[in-house]
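First up is the structure itself, then whatever we jot down about it.
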Amino acid sequence: MSFLKTIEEYLRRGETSSKDLGLEIEHFILDKNGDQIPFDVISPLILEIGNKLNAKIHYMDGYPVGYYTGKYSTSLEPSCQFEISIDPFNDLDTIKEIYEDFRNTWDPVFEKLGYRFETKGNLPKVESGEITPDQIPLSPKKRYKYMDRFFQTSGRYGRYMMRASASAQVSIDYRSEEDMARKLRVLSKISPVLAIAMENKTDEDATFTGKKHLLRIQEWDDLDPSRTGFIKGSIEEGFTYKKAAEQIYTTPLILLTDEGETTEVREKTAKDLIENGTIKEDELTEDRKVRLSEHFISMGFFHLRVKKYIEVRIADSVNINKALGYVALLKGLIYNDENLSSLDQELISITNAKTIQAAFDAIKADGLKANIYYGRTAKDWLEYLLEKSEKALSAKDKEYLKNVRTSGDNIEGQALRQ
């Protein structure tokens, strides 16, 4: 079996009848001056706390960088953004309880050392212009050194993305190839609305480029066109696992992590590495094929990523209450067949990524007031999506949905800026 087929079959094995949702939130860990916790402080803490929890410790380049408890995992992003990735569940109360357990474990640890959790789309001191990303050190991982070097020439905002951004991500199940394609198509088309609903700025007037909204999305849009935006063909009818695999197989990797070693490969793709013999297909075990497939997928930073689930990657980092509102919104829209089908039909005339990008660009300038699809504003579309989702949710989940209209910062209950 060719490795392209291996990736295709990896994606196919994600098919499930479950309707679970996974939630990931990246956090800044800041001191009283608003500076991020150093790697040499947080890495030993991860080892200490992970061992206390009897968790499986994750290492990279010999450093403790995360752990897995059986319900959630933690990891360190490039400049010590601290991520929790909660295992998929359908019940939002369960997701909330797991997150609260994580915070109850870590809040006292950080508070004792003079640090606190902060959820924002961008590091406040960078957003305000008080410092630049160049003043922020990277974690001592080979992965990040190679990425940083590559992004210095691929676009303008690699250093902003790596050192000063944080997001919230949701994973969504699919039951078949057709179901995957339809969910991906609909999610792509509503992604500009989801992004502005989940915007989380420190200063509503802050800007890098003259456009005041979606700063984190602006960074991703000018990072590297070969691995950002939308997966080629995913907006069109007839998208398949094979087409998703082809994108994964031909995206420049920057680096290769294999058999515990990380090496720099820059523009070489998985296809290149297999054809030139760097990776010898006939020597690969099944476990190694899986690890390589996952690594290849991880090097594409698209707004929506196909793994063994669909990963929705367009929200800023927000507090847990707003994050759960976002999860509820997606649950009511995407796991309700009537809503999914109606949105697919209503948005059928949007046939390419250029139209979606135009909606993003309008929102970057005008926020919720931007006119996007069919002469309706982003605010109109958000209210419409909230209404559709609410009708599909249980009474308990409707309570979470209300949090979409609150602020994404740490002040609970503040109204969403209009």
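The values are calculated or read from the model by the stated rules, or taken from the named source; none is laboratory data. Computed from a prediction, not measured in an experiment: that's the story for all the values here. Positions of Cβ are generated from backbone atoms using ideal geometry, with glycine treated the same way; all protein chains shown enter the neighbour counts.
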Checklist entry - Which of the following residues is part of a helix (DSSP H, G or I), out of contact with any strand residue (DSSP E or B) (no Cβ under 6 Å at 6 or more places or on another chain) and among the charged types (D, E, K, R): Lys289, Lys308? => result Lys289
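Any idea how many residues of the stretch 1-55 are hydroxyl-bearing (Ser, Thr, Tyr) and in a helix (DSSP H, G or I)? Talk me through it step by step, then tell me what you get.
Quick first cut of the stretch 1-55, residues hydroxyl-bearing (Ser, Thr, Tyr) only: 2, 6, 10, 16-18, 43.
With the extra rule that they be in a helix (DSSP H, G or I), the set shrinks to 6, 10, 43.
Matching residues across the stretch 1-55 total 3.
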Checklist entry - Within the stretch 124-179, which residues are in contact with a Phe, Trp or Tyr (Cβ under 6 Å, 6 or more places away or on another chain), in a helix (DSSP H, G or I) and acidic (Asp, Glu)? => result Glu177
Item to check | Candidates Glu264, Glu237 - the one that is assigned to a strand (DSSP E or B), over 22 Å from the mean Cα position of the chain (by Cα) and surrounded by fewer than 18 Cβ atoms within 10 Å (Cβ to Cβ) | outcome: Glu264
Checklist outcome for this item: In the set Leu194, Leu223, Leu214, Leu184, the lone residue that is modelled with pLDDT under 95 and of a type in the set (A, V, I, L, M) is Leu223
Checklist entry - Quick one: how many residues across the stretch 386-403 are in a helix (DSSP H, G or I), touching a helix residue (DSSP H, G or I) at 6+ places or on another chain (Cβ under 6 Å) and either surrounded by fewer than 17 Cβ atoms within 10 Å (Cβ to Cβ) or not polar (S, T, N, Q) (or both)? => result 7
Item to check | Pairs with Cβ under 6 Å, 6+ apart, first in the stretch 369-388 and among the basic types (Lys, Arg), second at pLDDT 95 or above | outcome: Lys369/Thr377; Lys379/Leu368; Lys388/Asn339
Next on the checklist: With over 30 Å from Thr202 (Cβ atoms), surrounded by fewer than 18 Cβ atoms within 10 Å (Cβ to Cβ) and within 23 Å of the chain's Cα centre (by Cα) as the only criterion, which of Val306, Val290 stands out?
Outcome noted: Val290
Checklist outcome for this item: If we keep only residues of the stretch 53-97 that are under 16 Å from the mean Cα position of the chain (by Cα) and among the aliphatic types (A, V, I, L, M), then the residue surrounded by the fewest Cβ atoms within 10 Å (Cβ to Cβ) is Ile84
Next on the checklist: Conditions first: (1) modelled with pLDDT of 95 or more; (2) in contact with a Cys (Cβ under 7 Å, 6 or more places away or on another chain); (3) among the hydroxyl-bearing types (Ser, Thr, Tyr). Ser167 passes all but one, so which condition is the exception?
Outcome noted: (2)
